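This report refers to the structure that appears directly beneath it.
FYI, it's all coordinate maths here, none of it is from the lab. Quantities reported herein were computed from a predicted structural model and do not represent experimental measurements. Glycine also receives a Cβ, built like all others from the backbone with ideal geometry; neighbour counts cover every protein chain displayed.
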Amino acid sequence: MMNFQSMKFRFIGLSIALIAASVVLRLVVALPFVQEQLRELVAAQQLSIASYIAHDIDHSIVARRELIGELAGALPPALLRQREALAAWLEERQRLNPLFNSGLMVIRPDGYGMLAGYPMAAGREKLTFFDREWFQAALTADAPVMSAPQRGRASGDPIIIMAVPVRDAGKRVVAVLVGIAALNAPGFLDRLQENRLGATGGFLLISPADKLFVGASDPSMILKSTPLPGINLLHDRAMAGYRGTGVTINARGVEELSAMASVPSTGWFVVARMPTAEAFRLIEVLRGFVLKSGVLALAGILAVLLFLLPRILRPLTDAAHAMRQMADGKLDLAPLPVRRKDEVGSLVLGFNYLVARLREKEAALKASEARMEFMAHHDSLTGLYNRTMLEDRLQQALARAERNGSRFALLFCDLDGFKPINDEYGHAIGDAVLIQVAARLSKGRRRIDTVARLGGDEFVILLTDLNNARGDAESLAQQYLKAISAPCDVDGRTFALSVSIGIALYQNASASSSQLLSQADIAMYQAKRTGRNRVCFFEEAAAGMSVAEQSSAAAST
């Protein structure tokens, strides 16, 4: 029996699921997409065919209108009184250009009979025309007029009639020249009626004004009335003027893909139609191919998996055996060699990764200890020394001064106008400004100097081993005033700052670190009181203080 928890079964199950999902995806997603593309392609082809046929029909209609107009202009009025000569003239014109294959006639201006005709069909000479719409329209027209499609009274064939008045020198209508063209005449509508679209499709030529099928691939439909509104919705749209493509249900209940194109000179339109079952037959072929190919692919993959999986998975036991020996101490813990880039290789890589992670954690622990040691002596925001490190460095400077008489100075810096930035723009912007200030204070400092941040916007600089303590301290303080006054750019915003600096100089061995810090702080506040953005030494600050302030300052020191 197969173990349903085994990797072999899972691989086979996964393969079946993937192939089934692939087949479903192609049936549900790919095929509808292909079907839509095919619909558009077939629709575009049908519209192109319909447009070509409509253009051809339009050309035929225009050619016949132009011909009847030219004949009317060339007909000598004198021939109207010579019946045989007029008939011969018509015969010669018909032989030269037989576009009106059912004949030419010259009708009396009152519509009662004709003066001559060629060829003379049986019964045609007895016809009257005064009650025909096309005849009445021709009497007042300046250009040829065309009748509605109809059946000839003499022949019974589907025809159209074109008529144009013949005028004498005084512009008076003396006759009406008529050309009769059979709809199924060669070079006219015969190709539309004889050809089919595909195996079961065809063409229609429709006159919306007359609600008639002028031509059709099915001869039984010629000159039949079009369907009533509501039977074929796409046909209803086409009768209302829509030209393009669409899918509809015809009067026989068959779903069709139809394309409509106009015949401009007549107001007619051509319909190229094909049952969707034929137009989109390729979709069904593709659907069957997808199903068959999916079944064949499934069978082939299952055969391959059943043959190869036992051989592929066998090396896993070898790797597991080596790991157990390491766990039992029989082998040293060390990365295993990766001989193949497959599942066994992945397992070995995972074991090797575990070994590497143990080593990384050991290194990370050491790095964390170093980071904690760094944070114990540095400011977390700016990376400058903190108060603890400053006091240590200050104690060292005091010891050196007492030992060898070296001179040093302490600069207490406090930013002017920083609080409004913090209040208005938030601590994130304020912190970015402080980082820039710290960089400017640290720039160019010696290794023996100390730059520290006490907190907030307060910074202290310890300058040691100075030759001219006062002059060097003042010079550096002026540099700081200039450096801090440069605009700070943060996130597209520009901030203007200044700094007030108080300086305390080491002068006697009795001074302590806290006293020096307090003196520099007092000098800094004096710089702020006297206008900000300036430097003040402790002696100057003490000289400008009141007795009460001096007492308070002495007490604080």
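Figures for the structure shown
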| quantity | calculated |
| --- | --- |
| Calculated from backbone phi, Karplus (6.51, -1.76, 1.60) coupling profile of segment 437-449 in Hz, x at Gly/Pro | 4, 4, 5, 5, 5, 7, 4, x, 6, 6, 5, 7, 7 |
| Dipole magnitude of segment 75-182 about its Cα centre (Cβ charges: Lys, Arg +1; Asp, Glu -1), debye to nearest 20 | 100 |
| For segment 387-556, diffusion coefficient by Stokes-Einstein and Kirkwood Rh (Cα), 20 °C, 1.002 mPa s, µm²/s | 130 |
| Ordering of 158-167, 248-257, 456-465, 232-241 by packing [mean C-beta count within 10 Å, highest first] | 158-167, 456-465, 232-241, 248-257 |
| Cross-link partners of Lys528 among lysines (Cα-Cα below 18 Å; sequence separation of 8 or more within a chain) | Lys419, Lys482 |
| Rg and Dmax of segment 75-182, Cα atoms only, in Å | 12.8, 38 |
| Between helix 315-327 and the chain: long-axis angle, C-alpha atoms, 0 to 90°, nearest 10 | 10 |
| Between segment 171-222 and segment 420-452, the Cα center-to-center distance that results, in Å | 93 |
| Stokes-Einstein D (µm²/s) once Rh is taken as the Kirkwood radius of segment 189-334 over alpha-carbon pairs, at 4 °C in 1.567 mPa s | 63 |
| The chain: angle of helix 83-96 to the longest principal axis, Cα-based, in degrees nearest 10 | 40 |
| Kirkwood Rh (inverse of mean 1/r, distinct Cα pairs), the chain, angstrom | 36.0 |
| For Tyr480, net neighbour charge (Lys/Arg +1, Asp/Glu -1) across residues whose Cβ lies under 12 Å away | +3 |
| Residue order, fewest to most beta carbons within 10 Å, for Arg340, Arg132, Arg311 | Arg311, Arg340, Arg132 |
| Long-range HN-HN contacts of Leu212 with modeled amide H, under 5 Å | Ser207, Thr226 |
| For Gly244, residues with placed amide H under 5 Å, excluding near neighbours | Met260 |
| Rounded to 10°, Cα long-axis angle of helix 31-74 versus longest principal axis of the chain | 40 |
| Relative contact order for segment 82-198, counting Cα pairs under 8 Å that sit 6 or more residues apart, in percent | 24 |
| Ranking of Ser380, Ser15 by count of other Cβ atoms within 10 Å, fewest first | Ser380, Ser15 |
| Partner lysines for Lys211 [C-alpha distance under 29 Å; skip if fewer than 8 residues away on the same chain] | Lys224 |
